[in-house]
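The values are calculated or read from the model by the stated rules, or taken from the named source; none is laboratory data. If you're wondering where the values come from, they're calculated on a predicted model, not measured in any experiment. Because the Cβ atoms are built from the backbone with ideal geometry, glycine has one as well, and the counts that use them run over all protein chains shown. Heavy atoms of the whole protein, side chains included, go into the accessibility calculation; ligands, DNA and RNA do not. Shrake-Rupley method; radii C 1.70, N 1.55, O 1.52, S 1.80 Å.
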Amino acid sequence: PHAEEGKSRSLYVVAKLFKGAEKLEWKTKSIKDHDADPMFLSTVEWDWEDDDLVFLRVELKEDVWGRDQEVASYTLLVDRLATGLRFWPLFDKTGMPSVGRLLVDVDFKVGA
């Protein structure tokens, strides 16, 4: 999702892990998006009990004083995660594909 040409905005990423009624949440610091290719360079690490229905939702938000707005998001079942570098497509608030993508490096371990 690109800002209007010539305008910069502050963006951050929120990651949410949903397991039943439990929700774990993490977010990056806001960064200025000057050229529509922000780099967050952050790591998320969670521990949880294995379950059939565990979802991961990643949201790209605009940091606007008093009213942060979701710009785009991606949601998937955790058991569908593939390791390594991946481009995750982003979808707008209406569920339509946006022009944005997140480059993520996925690494996970299944506990004993």
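Going by the conditions given, is residue 75 open to solvent by 60 Å² or more (accessible area, probe 1.4 Å), within 20 Å of residue 106 (Cα to Cα), in contact with a Lys or Arg (Cβ under 6 Å, 6 or more places away or on another chain) and not aliphatic (A, V, I, L, M)? Full working, then the answer.
Values: open to solvent by 60 Å² or more (accessible area, probe 1.4 Å): yes; within 20 Å of residue 106 (Cα to Cα): yes; in contact with a Lys or Arg (Cβ under 6 Å, 6 or more places away or on another chain): yes; not aliphatic (A, V, I, L, M): yes.
So residue 75 fits the description; yes.
Let's see how each residue does on (1) in contact with a His (Cβ under 8 Å, 6 or more places away or on another chain); (2) assigned to a loop (DSSP other than H, G, I, E, B); (3) surrounded by 10 or more Cβ atoms within 10 Å (Cβ to Cβ):
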position	(1), (2), (3)
40	no, yes, yes
43	no, yes, no
48	no, yes, yes
66	no, yes, no
71	no, no, yes
Every residue in the stretch 5-30 that is surrounded by 17 or more Cβ atoms within 10 Å (Cβ to Cβ) and at pLDDT below 85, please. 9
Any residue at all in the stretch 82-100 that is in contact (Cβ under 8 Å) with a residue 40 or more places away in the chain, over 11 Å from the mean Cα position of the chain (by Cα) and exposed (fewer than 12 other Cβ atoms within 10 Å of the Cβ)? yes
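Using the structure shown, decide if residue 58 is at pLDDT 80 or above, among the aliphatic types (A, V, I, L, M) and in a strand (DSSP E or B).
Details: at pLDDT 80 or above: yes; among the aliphatic types (A, V, I, L, M): yes; in a strand (DSSP E or B): yes.
Judged against the criteria, residue 58 is a match.
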